[in-house]
Structure formats: C-alpha cells, structure tokens
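The next block holds one structure in the form of structure tokens; read it before the comments.
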Amino acid sequence: METYTPHKLRALRSALIRASLVQPIAARSSYRCLRLGLNLGLLHHTWIDGKRCELPGQAPVAPLLAELESLGVDQLSALAPEAALAMAQRHLQCITAADRWAKRRWNAQAVNRETGAAKLAIALGGGGGASFIALGAVDLLDGMSIHPSLLAGASMGSILSAFRARQLSYQVESVIEETSELTRDRVFGVSTLKSRYSIPATIRLTLQKGLGPFFRNPDGFGMRLNDTAIPLRIVVSGLVGNPPRDLEFYQYLLQKSWTGRSVRRLVFNFTRLASEFVFGDNALETIALGGDELSAGLSIVDAIGFSSSIPGVIHYDVERHDDDTHGRLTELMQQHGVSRLLDGGFSENVPSLTCRDAIDQGVTGQAHTLVLGLDGFAPNLLHSPLWVPAQQLLRGQIARAKQASDLWHAFKEPLSPLKVVPGSSAMRSILQKGREEFADRASELREALVDVRADYAAFKRRLTRV
C-alpha cells in the first residue's frame, strides 16, 4: 500500500475544510466524513495508560486517499457538495472498516480521541514590533472560546506566547494595561557587562526589571517555564562553534557603525550581520527551552531574553548571582554542544516544528493537535520594502515551518519591526488590525477543530436507513 506523508494528508484535509466553509453547517456532514478518513490515515501513535503506542502500519483508507490525491488541493478546495456527498457514499465502507481496524489495535477511546475533536498548538513568530499583530489573532480565538493547549514562540513571539501561557484564559486588555508603563528605559540599557552565554551588543536588555513583575508565581518568585498554565516552549538558537567575528566587534558595533545613520542603513547592516549567522560556516541548533526537565526550570524572563538576543544589536545575559540558573545554562549548552545562545528567530522564527515535536512527545495528550503558525515578519514589498532582504534570509526555515503547520497566516500590515515599545494606543490599533486580518482564518480553524465523528455517525445512520 502506498504511504502518504503527514504533510500531504494535512494539505488535503485543509482543502476539504475550505470547500465546506462556503456551505451551511448542516450541509458539511459529507465533507466531515471525508475528513475522518484523512484523520484515520494520519493515525500514527497515541498514549494509552500513559504509554506511547504506535500503530502498526497505516489505517486501510488507501482508496479514499488515492481519489483525494488525484483531485489535488486546488480541486478539493472547490469541491461541490454533490461531489462530496457522492465521494463520502463511495468510501463510507472503507472508512468504517479502517475505523474498526484501528480500534482492534488500540481501543475505541484512543481512536475516537485521535480522530475526533482536535486540540490546538500556536506558534508565534518573531520580528520585533511586527510580531504584535499576531496577538490580535490569539485574542480573537479566545473570544471564540478557542484556547491553545500548547504555545511556542521565538524572539518577540516568545514574549507574546509567555503572556498568553500564564493562564488558561485571559483578556488581552490586561496585557495592554500591564505593559502600558513599559518604556525603552525600562527595557533597554547600555551593555557594560562581559558576555557569558550570549553574544555582546551595545544595547542590553534589562528584562528582569522590565518584564519581571509580570511573571511572578503566587509566592512572589519569578515564574519558571514549568509554572505556566499552558505548556510553553521558548526557542533559542545555539551557535555551534565560535562567532564569525571577535566578540569585541559585536560589543561596539552599534556604537561605531550605526549611530546617527538612517533607518535604511541600520536595516542594511542588520541584514548583513544576520546573514553571517544564518548562512555562515557555524551551524545553528534550535533549542526549545521548556522541553526537558533541565530547561523547564529556567526563568521565563531569562528564556525570553536569550530568545531575543541579537548579536551586535541587543544583548541579554544573566547578571545576578544564581547558582541554579548558571548551572542549568552551563549544562544545557554542554548537552547541545553550543558556545553561545542567540535569537531564536535565526533558526526557527515561527516555531511550528517545535510545536510538532512537543505534540509528538505527548505534551497535549493527543497526537491529533493542529498547529497554527502566525507570521508577522513575512516579506511585503508594498508595506515594508526595507525589511524584505532580512525576511528573505528566513525563507528556507519558513518553508519548513509552513509544512509542519495545519494552518498558516502571514500578516500583511504589521507594525515596523523597530517599534518594540509601541504604547497603549498603537497596541490597541494593531491588535484590532490583527483580529480583522485573521477573521477568515479563524472561521477555518474553528471548522478544523470540530469533532467530525458526530457527523460521520449521523451520515452512516442516514445511509443505513436509505
């Protein structure tokens, strides 16, 4: 039997969802029945009594998968209800047989869980101020009672994901109010410290002072990655080998090269510098902080700091006397064989792959968890032409992130990446724009999360009566 990659099956499933959205809810049963067949085709593993159980082979839905693939994503996206009904009728026996086959190998509860209602993981991309627009999408989903079971973020996306992960539900207005007093002076300072874990820069992130008060546990201590209500992964990039240049070069780069220069020159220099790490001889390793016992004990603020540490531009390091944190960071870097920690966006700007890995490890409790990738740093020649060369540096990793996602949204009109402390008024405005831009995608996601097994059962009963 021919095997189908998860990426291919997810693309076919998304096409069926788009086709069904133009139909009334009552007319979506046949589309959902076909989606159950795809869900069965995607079965690979589950957890029974706390143990991971692999499925021995692919569920026998090959005739359905072959027909869906022959149509392709474009035709399926425009599949008429009459055609969907006829296809569901043709393959109902196949879907039913595959369902029974899977339940004999696992059990009914496990198969129903892995093919019915999906859970949601959200990957929030970095990009400085451009990332804020994604918070509007997250807020819109919360207003629709769609809450994530897993969050992952890189760079500025790490800040947004951490704010959302603190509680199971929240109001975005509280985040705006909490951060309304943040100023550049509270977040940035002049770096005078020797770099220990990251790469130096003229500007230093003072996040313990700026963000520390927002990440306290009930006892008043700083929250760690394993303290969040929603599982959280913060992505950093680990540098294998030495930096491309001497550390002193990065320490004074901004002071010597960019002071008094135009924004155009600043962006040009940033792009050139970033390319040395993205395409240089030294490899970058993606490290998902929070994904193991060692890193899960790190401070959320420290994790955000390292995920936002751009060589030569913004520097973060652990300044305090904290033997536990220093011990964890030293061991972590030794385990991964890296010499420095830097911005997570350099290796995985939208961490959909990190979400997928966490799902495979059982973090959400079921493999049937959809990954939503939110990208505020997508190339846009009309809106932000200066940043396109820098954005193009990420095109390879973004292509991989899209492939790992069930749903992807690239925002068209975010804030400038340089607007990292936008203020309350600008924040409210960009969040509203994010809600508006994401509205159609939110409807698609809501349909993707429904329990298709209920429609399958009703569809089967109707055909049986006939």
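Rank 288, 222, 277 by how far each Cα sits towards the positive end of the charge dipole of segment 204-303 (+1 on Lys, Arg Cβ; -1 on Asp, Glu Cβ) and give me just the farthest.
Value computed over the given set: 277.
Which log10 I(q)/I(0) values, to two decimals, does segment 139-297 give at q = 0.11, 0.13, 0.19 Å⁻¹ under the Debye formula with one point per Cα?
These q points yield log10 I(q)/I(0) values of -0.59, -0.81, -1.35.
Quickly work out the residue 90-to-residue 293 label distance, labels modelled 7 Å from Cα along the C-beta direction, and quote it in nm with one decimal.
Result: 5.4 nm between the two label points.
Non-local amide H neighbours of residue 224 (under 5 Å, H modeled in plane, Pro and chain starts lacking H): which ones?
Distant-sequence amide H within range of residue 224: 300.
Tell me, what does the Kirkwood hydrodynamic radius of segment 324-370 come to in angstroms if you use every pair of distinct C-alpha atoms?
Details: mean 1/r = 0.0780 Å⁻¹.
Across segment 324-370, the inverse of the average 1/r is 12.8 Å.
Counting heavy atoms of the protein chains only and a 1.4 Å probe, report the per residue accessible area for the chain as a whole number of Å².
On a per-residue basis, the chain sits at 43 Å².
Tell me the carbon and sulfur percent of the accessible area for segment 81-179, rounded to whole percent, probe radius 1.4 Å.
On the way: 1650 of 3330 Å².
Of the solvent-accessible surface of segment 81-179, carbon and sulfur hold 49 percent.
Keeping the other protein chains in place, figure out the carbon and sulfur percent of the accessible area of segment 363-464, with a 1.4 Å probe. Please report the intermediate quantities before stating the final value.
Numbers: 2430 of 4510 Å².
So the carbon and sulfur contribution to the accessible surface is 54 percent.
So what J values fall out for segment 195-211 if you push phi through Karplus, 6.51 cos²θ - 1.76 cosθ + 1.60 with θ = phi - 60°, rounded to Hz, Gly and Pro as x?
6, 10, 10, 10, 10, x, 7, 6, 9, 10, 7, 9, 6, 4, 7, x, 9
Looking at segment 261-332, which chymotrypsin sites (Phe, Trp or Tyr not before Pro) are in a loop (DSSP not H, G, I, E or B) and have at most 10 other Cβ atoms within 10 Å?
Values: sites: 268, 270, 277, 279, 306, 316; in loops: 279, 316.
Of the chymotrypsin sites (Phe, Trp or Tyr not before Pro), the ones in loops of segment 261-332 whose Cβ has at most 10 other Cβ atoms within 10 Å are 279.
Can you give me the long-range amide H partners of residue 119? Hydrogens built in the peptide plane at 1.01 Å from N, cutoff under 5 Å, separation of 5 or more residues or another chain.
It is 369, 370, by chain and number.
Taking the alpha carbon gyration tensor of segment 74-134, what are the square roots of 5 times its eigenvalues, largest first, to the nearest whole Å?
Numbers: eigenvalues 246, 105, 11 Å².
With the √(5λ) rule applied to segment 74-134, the semi-axes are 35, 23, 7 Å.
May I have the extent of the alpha carbons of the chain along their three principal axes, as whole Å values ordered from largest to smallest?
Computed over the Cα atoms, the extents are 79, 47, 44 Å.
How far is helix 81-105 tilted off the main Cα axis of the chain, in degrees rounded to 10, range 0 to 90?
80 degrees
For residue 425 paired with residue 246, estimate the spin-label separation in nm (one decimal), with each label point 7 Å from Cα along the Cα-to-Cβ line.
In this crude spin-label approximation the distance works out to 4.7 nm.
Given the options 358, 403, 392, identify the residue whose Cα lies farthest towards the positive end of the charge dipole of segment 314-466 (+1 on Cβ of Lys, Arg; -1 on Cβ of Asp, Glu).
403
Need the C-alpha centroid separation for segment 91-132 versus segment 39-67, integer Å.
Using only Cα atoms, the two centres lie 10 Å from each other.
Averaged across orientations, what area in nm² does the convex hull of the alpha carbons in segment 314-466 project?
Working: hull surface 58.8 nm².
Its average projected convex-hull area is 14.7 nm².
Roughly what would the spin-label model give for residue 73 and residue 183, points 7 Å off Cα along C-beta, in nm?
4.8 nm
Can you give me the convex hull volume of the Cα atoms of segment 1-73, divided per residue and expressed in Å³?
Values: hull volume 7.8 nm³, N = 73.
Convex hull volume per residue, Cα atoms: 106 Å³.
Rounded to the nearest 20 debye, what is the charge dipole size of the chain about its Cα centre when +1 sits on each Lys and Arg Cβ and -1 on each Asp and Glu Cβ? Walk me through the numbers before you get to the answer.
Details: 52 positive and 46 negative charges, 210 e Å.
Here the chain has a charge dipole of around 1000 debye.
Report, in whole Å, the centroid distance computed from the Cα atoms of segment 411-461 and segment 362-387.
After rounding, the separation between the Cα centres reads 11 Å.
If you project the alpha carbons of segment 131-203 onto the principal axes, what extent comes out on each, in Å, largest first?
The Cα atoms of segment 131-203 stretch 47, 26, 19 Å along the principal axes, largest first.
Report, in degrees rounded to the nearest 10, the 0 to 90 angle that the Cα long axis of helix 452-465 makes with the longest principal axis of the chain.
For helix 452-465, the angle is close to 10 degrees.
Can you give the calculated 222 nm mean residue ellipticity of the chain, where each DSSP H run of n ≥ 4 adds -39,500 (n - 2.57) and the sum is split over every residue, rounded to the nearest 500 deg cm²/dmol? Display every interim value, and only then the final one.
Working: 21 runs with 229 residues, N = 466.
It lands at -15000 deg cm²/dmol.
Evaluate the charge dipole of segment 325-466 about its Cα centre and quote only its size in Debye, nearest 20, assuming +1 on the Cβ of each Lys and Arg and -1 on the Cβ of each Asp and Glu. Don't skip to the answer; put the middle values down first.
Values: 18 positive and 15 negative charges, 78 e Å.
Its charge dipole is roughly 380 debye.
Got a sec to turn the phi values of segment 424-436 into Karplus ³J(HN,Hα) couplings, 6.51 cos²θ - 1.76 cosθ + 1.60 with θ = phi - 60°, whole Hz, x for Gly and Pro?
Once θ is set to phi - 60°, the couplings for segment 424-436 become 5, 5, 5, 5, 4, 5, 6, 5, 5, 5, x, 4, 5 Hz.
The values are calculated or read from the model by the stated rules, or taken from the named source; none is laboratory data. The structure displayed is predicted, hence computed values, not measured ones. Methodologically, a virtual Cβ is constructed for each residue, glycine included, from the backbone with ideal geometry; neighbour enumeration extends over all protein chains shown. Please note that ligands, DNA and RNA were not included when accessible areas were found on the heavy atoms of the full protein model with its side chains. Shrake-Rupley method; radii C 1.70, N 1.55, O 1.52, S 1.80 Å.
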